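Computed from the coordinates by the stated procedures, all read-outs in this text should not be read as laboratory data. Bear in mind the structure is a predicted one, so any value in this text is a computation, not a measurement. Here the Cβ positions follow ideal geometry from the backbone for every residue, glycine too, while neighbour counts run over all protein chains shown.
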Ligand code: DX5
Ligand code: ZN
């Protein structure tokens with residue numbers, strides 16, 4: 001299993017970049033991941049079930065295949081109903097960080113505990129309209145909070161501008177309480193808004209369309225990093 005260091009060990013000035021394979025060529029997935037490996041920190045894998053979100057993507061077999069292919073940590077984003085059912089299966093497949101939606105969990109604390117018990121980092125995600133109060137009590141127990149900056153389900157959507165203030169508010173909430181967890185953002189991030197979200201408090205950026213739909217994904221990733229670090 002690749003290692004995801006705790007947020008407290010993130011070098012000052014570094015921004016984690018997690019390209020989302022949702023916008024990659026699935027018929028050539030190994031090569032797509034290899035291509036960005038040198039410039040990426042984590043690989044973001046979007047799992048959708050057609051129930052929690054109106055789209056279906058991939059599951060454990062693809063995570064397992066990626067685990068054999070890359071040494072980079074696998075950042076697995078579960079957009080599925082009742083994700084607690086699949087925690088063990090994703091641990092076995094080789095996920096390093098497993099993120100579940102608070103909207104999909106009746107017993108969120110139990111799900112987070114089970115993710116940790118299986119040796120993975122635990123993330124919780126909020127849809128754009130879900131208030132930060134939904135994660136207030138779980139904050140000390142998680143490694144990462146993923147703020148969705150589009151409505152989950154599809155790549156290539158427009159960034160929802162109000163999420164920048166939500167990032168800042170989450171950052172303040174964590175500082176106030178002395179909590180160190182990653183703030184990750186997902187949806188509509190490109191060179192145009194990377195600086196803004198990092199300045200607001202983002203540590204980890206997910207980028208699908210702006211990387212894999214670019215003519216040169218490596219150049220796109222380098223440009224994204226250059227833009228992101230100016231916000232630190
Ligand atoms: C959307 C997914 C995202 C998606 C982001 O539901 O969770 O990870 O791949 O794609 P872009 O960067 O294209 O908005
Ligand atoms: Zn995602």
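Any idea how many residues of region 108-131 are closer than 15 Å to residue 164 by Cα, surrounded by fewer than 16 Cβ atoms within 10 Å (Cβ to Cβ) and touching a helix residue (DSSP H, G or I) at 6+ places or on another chain (Cβ under 7 Å)? Explain how you work it out, then say what you get.
Initially, region 108-131 is screened for residues closer than 15 Å to residue 164 by Cα, giving 126-131.
Filter once more, so that each one left must be surrounded by fewer than 16 Cβ atoms within 10 Å (Cβ to Cβ): 128-129, 131.
If we keep only those that are touching a helix residue (DSSP H, G or I) at 6+ places or on another chain (Cβ under 7 Å) as well, we get 128.
Of the residues in that region, 1 qualify.
Which ones in region 92-150 are under 29 Å from residue 69 (Cβ atoms) and in a loop (DSSP other than H, G, I, E, B)?
Going through region 92-150, the residues under 29 Å from residue 69 (Cβ atoms) turn out to be 92-101, 104, 111-112, 114-125, 142-150.
Once the filter is applied, which keeps residues that are under 29 Å from residue 69 (Cβ atoms) and in a loop (DSSP other than H, G, I, E, B), region 92-150 yields 94, 95, 96, 118, 119, 120, 142, 143, 149, 150.
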Return the total of residues in region 46-75 being more than 11 Å from ligand 1 (Cβ to nearest atom), within 16 Å of residue 29 (Cβ to Cβ) and not in a loop (DSSP other than H, G, I, E, B). 11
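Answer yes or no as to whether residue 160 is assigned to a loop (DSSP other than H, G, I, E, B) and under 20 Å from residue 11 (Cα atoms). Full working, then the answer.
Numbers: assigned to a loop (DSSP other than H, G, I, E, B): yes; under 20 Å from residue 11 (Cα atoms): no.
Against the criterion (assigned to a loop (DSSP other than H, G, I, E, B) and under 20 Å from residue 11 (Cα atoms)), residue 160 does not qualify.
Residue by residue through region 193-219, note down the ones that are free of Cβ contacts under 8 Å to residues at least 12 places away in the same chain and within 12 Å of ligand 1 (Cβ to nearest atom). Spell out the reasoning first.
We begin by selecting, within region 193-219, every residue free of Cβ contacts under 8 Å to residues at least 12 places away in the same chain; these are 214-216, 219.
214, the sole residue that qualifies.
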Could you say which residue among 232, 172 is exposed (fewer than 15 other Cβ atoms within 10 Å of the Cβ) and either within 15 Å of ligand 1 (Cβ to nearest atom) or in a helix (DSSP H, G or I) (or both)? 172
